[in-house]
Amino acid sequence: MKKIAAFVLSLLMLPAAFASAATVEDWSGVASANTGTYADSNGSKIEFATAADSKGGKALQLTSNLVQGGYCGIWHNISADLSKSGALKFMAKSTVAGEIQMALKDAYNVQYVASFQVGTSWAEANIPLASFIKDPYYTPPEAVTGHPMDLSKTSGMNLAPHMVGPAVILIGSIETVGSAGAASSSQASSASASSSASSGSAVQVLDPSTIDAKSAGSFQDSQGSSFSFASKDNPSKKGKKYLTLTYELKNGGYCGMWCRAGGADWSGANLASAKTLNITLYSKEPVVLGIALKDKGNNQYVAEAPSTKGGKWETVSIPMDSFKLDPYYTPPDAVKGAPKDFSKVGTFNIQPKTPGKFTVAVESVVAK
């Protein structure tokens, strides 16, 4: 597993009724055969070792020095069935308080990410497994996409500090806690509430008829990925247009486009009361699109749409509360530390996540 992307996750505590736990990793077998490091080419560095934890057992020790805008972390092979568990819990501390990202590699070799906070004293971290989302930046080359997350055969775990500068981090024994059923029930209740609350008026985020070279642009990596877009007349809806996205995404690469949000001017779109972002599109085969929104404070938030079924026009929806602060890109005009504010979304990105060559038609992006 390589560079991972991520989102900020609040620390949660499960009820005492779910007290049973099983050890996922006690760090007693850490070796170069099952653990390694990765880092950017800008000078970030990280090393790993084992040390004593808060209870006399073993802890994973990460010694990192992260440069601004860079990344570094460790990968670690595990073999665990987490499908029936509700959360991962462990003790952790760091010489510098901040955020650390964890990635899990599921039965389909797809990478999922979540983040937790670490302080300068030993404290328990608790990450609900239901909060892991598909890595918006990296898909392992052997991944089989288009499936729900399946942690019945979890084969890998990454840990990546996000604290800029030098830090020494200790991660204690990782255990499971709670049950997946309880988490699913909670999620179902939230989804039901979100669905019932999303009956308000719609806000247009993308108007294909206003897209031109001044209101949109493309971007891609230097590994051979490519992306182009065009606004075309919709033959089934007179006077309407749709946007065609033609791309080739290399494994481990990226490509996409940025667009002006709203209509024909730069006043932006007010999505403050929206519950979902709904994308109506056509793809011959199943594809996954990532979306990035730039908020009123010019901070960038990212989320991923469910996979399309392919072969027909369909609408995929992203809950607005699933958008998380982009851990790898901060716009130069961003107000760092400002709370998320979607009352004025000036621009948004469309970034495909399914590797290969595809053409996708997008009829509308509407928040509701």
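For this structure, a couple of remarks:
- Neighbourhood net charge (11 Å Cβ-Cβ; Lys/Arg +1, Asp/Glu -1) for LYS275: 0
- For the stretch 132-141, backbone phi angles converted through the Karplus equation (6.51, -1.76, 1.60; θ = phi - 60°) give residue-by-residue couplings of 5, 10, 4, 4, x, 10, 9, 10, x, x Hz, Gly and Pro being listed as x.
- Values of log10 I(q)/I(0), in the order q = 0.12 Å⁻¹, for the stretch 77-171 under a Debye, Cα-only, solvent-free model: -0.39
- Summarising the amide proton neighbourhood of ASP341: residues at separation of 5 or more, or on other chains, whose placed amide H is nearer than 5 Å comprise LYS296, GLY297.
- Computed from phi, the 3J(HN,Hα) profile of the stretch 254-259 under the Karplus parametrisation 6.51, -1.76, 1.60 (θ = phi - 60°) reads 8, 6, x, 9, 10, 9 Hz, with x in place of Gly and Pro.
- Rg/Rh for the stretch 62-105 stands at 1.00; both radii use Cα atoms, and Rh follows the Kirkwood definition.
- Placed amide H near SER173: partners under 5 Å, 5+ positions off or other chain: MET91
- q = 0.18, 0.29 Å⁻¹: log10 I(q)/I(0) that the Debye formula gives for the stretch 201-264, counting C-alpha atoms only: -0.72, -1.18
- What the chain shows is 45 Å² of accessible area per residue, with the surface traced by a 1.4 Å probe over protein heavy atoms.
- For the chain, the pair-distance distribution built from all alpha carbon pairs, in bins 20 Å wide starting at 0, is 28, 57, 15, 0 percent.
- Sequence of PHE48, PHE342 when ordered by accessible area, the most exposed leading, probe 1.4 angstrom: PHE48, PHE342
- Taking amide H as placed 1.01 Å from N in the peptide plane, GLY178 has its amide H under 5 Å from the amide H of SER20, GLY86, each at least 5 places away in sequence or on another chain.
- Relative contact order [Cα under 8 Å, 6+ residues apart], the chain, whole percent: 19 percent
- Helical mean residue ellipticity (222 nm; -39500 (n - 2.57) per DSSP H run of 4+; nearest 500) of the chain: -1500 deg cm²/dmol
The values are calculated or read from the model by the stated rules, or taken from the named source; none is laboratory data. The structure displayed is predicted, hence computed values, not measured ones. We place every Cβ from the backbone using ideal geometry, glycine too, and count neighbours over all the protein chains shown. Please note that ligands, DNA and RNA were not included when accessible areas were found on the heavy atoms of the full protein model with its side chains. Shrake-Rupley method; radii C 1.70, N 1.55, O 1.52, S 1.80 Å.
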